[in-house]
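Just below is one structure, and these are the notes that go with it.
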């Protein structure tokens, strides 16, 4: 219970969200050292950032692996412009264009191949998903179509990489917030670089982390 109250409080503190009915407040849980789960009555999101955590202070480019599934019976749509990253100093970064990513990371295929061994498995957090689609915001040039929006429902999972470019040469340490916000959802996922070690509480299965 203590850990649950902690993560719920973090979610409310991070979000300047509309007034929610009792029981509708989003819940944030750190389910792995570099995996965070965000859940509301409309949407469930899980974000893995193992590669970003290992490279934030070495590279101008990082990515988060994200997965989305609608929690209820209503489909949920996400546009490219809905996604942003708030840095520790309050600076907000939008997703770059596919063109800018191709310019900044000329050999994207090689980067993703290196990162493959550093990925956290995310699909296991969505047992109800029957189908999967990729998040179409980015692609290795020439491999797939890039689109600016996608939609999920209770059985259709969307999974893919969200890239960001640092204003300077690297990303500073500190607490970041990955945001997905539109008229339907207001996702605020806290991510700390470097990742803090997990501490297991007395309640079985509960995990806490100092944000």
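The values are calculated or read from the model by the stated rules, or taken from the named source; none is laboratory data. From a predicted model like this one, the values you see are computed outputs, not experimental measurements. Methodologically, a virtual Cβ is constructed for each residue, glycine included, from the backbone with ideal geometry; neighbour enumeration extends over all protein chains shown.
Things worth noting here:
- Take the conditions (1) assigned to a loop (DSSP other than H, G, I, E, B); (2) more than 25 Å from residue 39 (Cβ to Cβ); (3) modelled with pLDDT under 95; residue 114 misses just one of them, which is (1).
- Test: residue 38 is within 25 Å of residue 97 (Cα to Cα), buried (at least 16 other Cβ atoms within 10 Å of the Cβ), touching a strand residue (DSSP E or B) at 6+ places or on another chain (Cβ under 9 Å) and at pLDDT 95 or above: no
- Scope region 166-195; condition under 15 Å from residue 61 (Cβ atoms) and touching a helix residue (DSSP H, G or I) at 6+ places or on another chain (Cβ under 7 Å); matching residues: 193
- So residue 156, is it over 17 Å from the mean Cα position of the chain (by Cα) and either closer than 21 Å to residue 138 by Cα or without any contact (Cβ under 8 Å) to a residue 60 or more places away in the chain (or both): yes
- Selection of region 135-150 for residues being in a strand (DSSP E or B) and either at pLDDT below 95 or loosely packed, with under 14 Cβ neighbours inside 10 Å (or both) yields only 149.
- Boolean, residue 96 is out of contact with any strand residue (DSSP E or B) (no Cβ under 7 Å at 6 or more places or on another chain) and assigned to a loop (DSSP other than H, G, I, E, B): no
- Selection status of residue 163, in contact with a helix residue (DSSP H, G or I) (Cβ under 9 Å, 6 or more places away or on another chain), closer than 16 Å to residue 85 by Cα and assigned to a loop (DSSP other than H, G, I, E, B): no
- Pair list, Cβ < 7 Å and 6+ apart or interchain, from region 127-146 residues that are on the phi > 0 side of the Ramachandran plot to residues that are part of a loop (DSSP other than H, G, I, E, B) and surrounded by 14 or more Cβ atoms within 10 Å (Cβ to Cβ): none
- Qualifying residues in region 64-101 (those that are closer than 15 Å to residue 146 by Cβ and crowded, with 17+ Cβ neighbours inside 10 Å) - the one nearest to the chain's Cα centre (by Cα): 83
- Selected residue (criterion: farthest from residue 34 (Cα to Cα)) from residues of region 186-211 that are assigned to a loop (DSSP other than H, G, I, E, B) and at pLDDT 95 or above: 194
- A count restricted to region 35-61 and to residues that are more than 14 Å from residue 193 (Cα to Cα) and without any contact (Cβ under 8 Å) to a residue 40 or more places away in the chain stands at 2.
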